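Notes follow once the structure below has been shown.
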Amino acid sequence: MEILNRISLYVSLLCIIVATTISILGIWNVVDSDVLVWKSLMTLGVIFLASLLTYSVNRLIPLGGEKKVIDEEHTDKTA
């Protein structure tokens, strides 16, 4: 699951960089179509939100293997 976390965070960072670039191009009127700018930003926002939610859910809900490791660490410390 660590790989999924890394992919989610990389996708989030990529969305931030691309959205910032599109915003700056829209501010300086390099891109003439306002519709294209807004649709691009909304699409990147949805992808960003989905990747952050994937990361959050993956971190909050432990898998069976991760819970087992936590239980083993707890029993080692109390023994």
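The values are calculated or read from the model by the stated rules, or taken from the named source; none is laboratory data. Here the structure is a predicted model, which is why all the values come from computation and not from measurement. All Cβ positions, glycine included, derive from the backbone under ideal geometry; neighbour counts span all protein chains shown.
Some notes on this structure:
- Residues that are assigned to a helix (DSSP H, G or I), out of contact with any Lys or Arg (no Cβ under 8 Å at 6 or more places or on another chain) and surrounded by fewer than 16 Cβ atoms within 10 Å (Cβ to Cβ) within the stretch 1-10 comprise Glu2, Ile3, Leu4, Arg6, Ile7, Leu9, Tyr10, listed in sequence order.
- Residue list for the stretch 26-60, restricted to those being β-branched (Val, Ile, Thr), exposed (fewer than 15 other Cβ atoms within 10 Å of the Cβ) and part of a helix (DSSP H, G or I): Ile27, Val35, Thr43, Val46, Val57
- One residue stands out in the stretch 11-25 among those that are surrounded by 13 or more Cβ atoms within 10 Å (Cβ to Cβ), touching a residue at least 12 places away in the same chain (Cβ under 8 Å) and under 15 Å from Leu52 (Cβ atoms): the one that is farthest from the chain's Cα centre (by Cα), namely Ala19.
- The stretch 33-60: number of residues that are of a type outside the set (Asp, Glu) and more than 10 Å from the chain's Cα centre (by Cα): 17
- In the stretch 7-29, the residues that are closer than 14 Å to Gly45 by Cβ and among the hydrophobic types (A, V, I, L, M, F, W, C): Val11, Leu14, Cys15, Ile16, Ile17, Val18, Ala19, Ile22
- Residues in the stretch 50-76 that are over 18 Å from Ile3 (Cα atoms), at pLDDT 60 or above and not acidic (Asp, Glu): His74, Thr75.
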